[in-house]
């Protein structure tokens with residue numbers, strides 16, 4: 001019996017070893033390349049081995065795919081060709097049009113290939129084609145975190161071709177990926193990592209050729225292999241994207257005057273492959289006018305709001321520079337530091353004898369350069385440099401008529417250096433340095449980061465260490481700080497757990513080129529999660545998580561907060577999703593930053609504010625996203641021991657697909673706190689101590705957006721957003737050194753109420769008329785910045801009346817046109833490569 005048991009165990013171990021081995025395919029070199037026309041009739045396809053037997057990843061892991069897929073790969077000296085036959089009932093193929101890089105939640109089927117050209121099991125290129133021949137491309141990296149169903153940074157755009165065709169038993173995808181669109185090492189015989197993915201909206205099913213187990217940490221480490229790329233020679237990669245743009249802008253001001261501007265610009269983006277692995281990207285005199293507007297809010301917190309980066313040069317191919325998390329590209333070309341203070345001085349009469357003639361709100365970028373790539377030994381190297389202009393405001397003396405120049409932002413140079421060594425078992429070590437130099441005696445800064453991630457051979461356990469050091473040189477002198485992040489735990493399996501320690505010294509400051517909410521922290525977090533990826537009687541998959549967190553102020557070391565968190569999520573058999581979340585702060589805790597005393601976040605000691613215990617419960621979910629009508633919701637509330645202090649929030653979104661070309665979405669979000677305690681933004685006139693306010697807080701965000709797709713390469717999009725925030729102060733307090741407070745009656749709370757509005761409308765017509773070339777027409781409308789606090793909250797005290805007045809207030813308008821044309825060296829015909 002013992003002998004039989006040993007035999008069984010050996011067979012099981014051998015079966016497990018076989019299961020862990022990646023699948024292997026082969027690419028075939030062809031003399032005559034297949035024509036990319038959505039058909040697999042070319043003789044080139046008949047020679048290639050077939051990849052098949054896809055395995056499901058979601059909604060249930062480990063089953064054979066519901067529909068059959070076969071894939072072939074061939075190549076020549078210029079391109080790699082992918083041919084996929086996706087078997088299905090033609091009547092069941094979902095064919096909604098979408099914009100580029102925006103297939104998630106759409107009612108469309110798609111196919112994708114991933115190429116790990118260095119076979120480091122961490123980085124890859126993704127190319128995706130929908131049933132409507134709409135393209136998505138992305139850069140896969142080990143630190144990427146995105147929405148479900150996204151595997152990399154989709155802001156990266158490559159130049160490649162694709163076609164789809166339909167047959168009696170399914171549909172076909174053909175791709176042509178030029179070698180100049182990817183990077184790889186020159187070897188006589190190259191083996192790459194490769195993965196094929198298919199998504200079938202009818203079943204909400206994602207399947208992969210080589211199984212991707214959601215219980216296993218990592219993505220690229222679960223690719224298969226492909227051989228046969230013999231003597232593949234990297235081509236000369238040289239391309240130009242010149243552009244011209246023009247337009248007209250009208251901006252309203254409070255004094256009833258209108259500012260009119262004629263917009264004109266021209267420049268060029270250049271890509272040059274220095275060698276087989278490294279590329280130089282440069283943008284000369286860039287114009288970033290045609291980007292979607294920011295989601296502006298009335299920021300009452302002591303912390304900065306982080307906005308999304310929408311400028312193409314700073315989103316494409318920057319995953320190496322973003323790996324350490326100390327690069328926030330919105331610092332480059334930001335609003336000049338002294339812009340707001342100068343506007344305020346004019347508004348409050350401090351510069352009563354002067355007329356403000358010019359005060360640019362944007363720092364123009366002279367040029368920016370990215371150098372990046374990866375050696376054959378999997379060493380990633382990146383260098384980034386950008387130079388921004390010296391911004392000048394102009395004031396005119398009303399008495400003498402003489403003009404004065406005020407420097408609102410000095411000439412600045414921004415630089416990043418990255419060395420990223422990929423190691424075995426998904427491990428890596430990364431060195432990053434950022435440096436900011438400003439003209440003259442202005443502030444300079446330098447930050448150095450080291451990121452180390454180590455995983456065991458079985459990919460079960462991981463250790464991450466991230467030490468940082470910052471030094472800032474400004475007028476008062478020099479200050480420096482340090483930080484560290486440590487995480488250890490079980491990273492794979494249904495049961496996972498981790499311990500996190502985070503430390504930031506009081507003067508750790510990466511914000512000249514990075515983003516940090518606050519310094520001065522010592523925090524410990526323990527968490528455990530359990531995930532079920534197989535279907536049960538009621539659910540397709542389930543997830544449960546619990547965490548406890550203890551925060552301290554690092555200097556002087558002081559108790560800050562204890563929180564307990566729990567969440568559970570389920571995907572139902574009808575593809576409705578449901579999630580429950582709860583977090584509890586069981587005791588009074590200290591908020592060391594709310595009172596903004598001292599005003600600098602980097603100064604100590606700090607004035608605390610005592611906050612009460614609370615419990616917060618919320619529920620989130622959405623209906624089946626295969627249907628024309630999709631509804632999602634988030635509802636929750638919190639309560640504590642303070643009297644008459646309820647808090648609730650509601651978010652509701654409705655999306656309707658009128659046809660495969662037209663889709664509209666509306667969302668409404670309301671947040672209300674009947675007893676919010678926070679800094680009143682006033683100080684005692686004698687002691688200069690901050691004053692605390694208790695207020696009724698309400699904000700509402702309404703968004704309506706839509707897209708009409710004329711073709712797979714031409715669309716019209718719009719997005720309108722209105723944000724309203726009302727603060728009604730009910731009490732004002734003096735705050736004591738220990739953080740508690742006593743009411744004061746010498747001030748009238750209502751005199752410090754706030755009514756704030758922000759509105760933006762963005763409309764863009766986009767036509768990709770040839771590979772890499774684009775025409776964009778844009779219209780922007782916005783509530784004038786001078787009018788954001790203008791509407792009287794007492795006379796327009798509800799959302800409807802406030803919104804009616806919003807549209808009666810002066811708005812700005814901007815009309816633009818932008819033309820981009822892509823050229824590579826082959827098209828220019830002036831360079832030949834032997």
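Brief remarks on what is shown
- As a proxy for reagent exposure, 652, 495 were ordered by neighbouring Cβ count within 10 angstrom, fewest first; the result is 495, 652.
- Seen against the Cα atoms of the chain and their longest principal axis, helix 2-20 is set at about 70 degrees.
- Debye log10 I(q)/I(0) at q = 0.05 Å⁻¹ for the chain, Cα point scatterers: -0.31
- 222 nm mean residue ellipticity, helices alone, for the chain (DSSP H n ≥ 4; -39,500 (n - 2.57); rounded to 500): -1500 deg cm²/dmol
- Ranking of 154, 619, 216 by count of other Cβ atoms within 10 Å, fewest first: 619, 216, 154
- Overall dimensions of the stretch 21-230 by Cα: Rg and Dmax, Å: 15.7, 46
- Here 296, 140, 233 are placed in order of increasing Cβ neighbour count within 10 Å, fewest first, which gives 233, 296, 140.
- Mean sequence separation of contacting Cα pairs (under 8 Å, at least six apart), scaled by the length of the chain, corresponds to a relative contact order of 9 percent.
Each reported figure results from applying straightforward, stated rules to the coordinates on display, with no laboratory input. Everything quoted here is computed from the prediction, not taken from an experiment. Every residue, glycine as well, gets a Cβ built from its backbone with ideal geometry; the counts of neighbours run over all protein chains shown.
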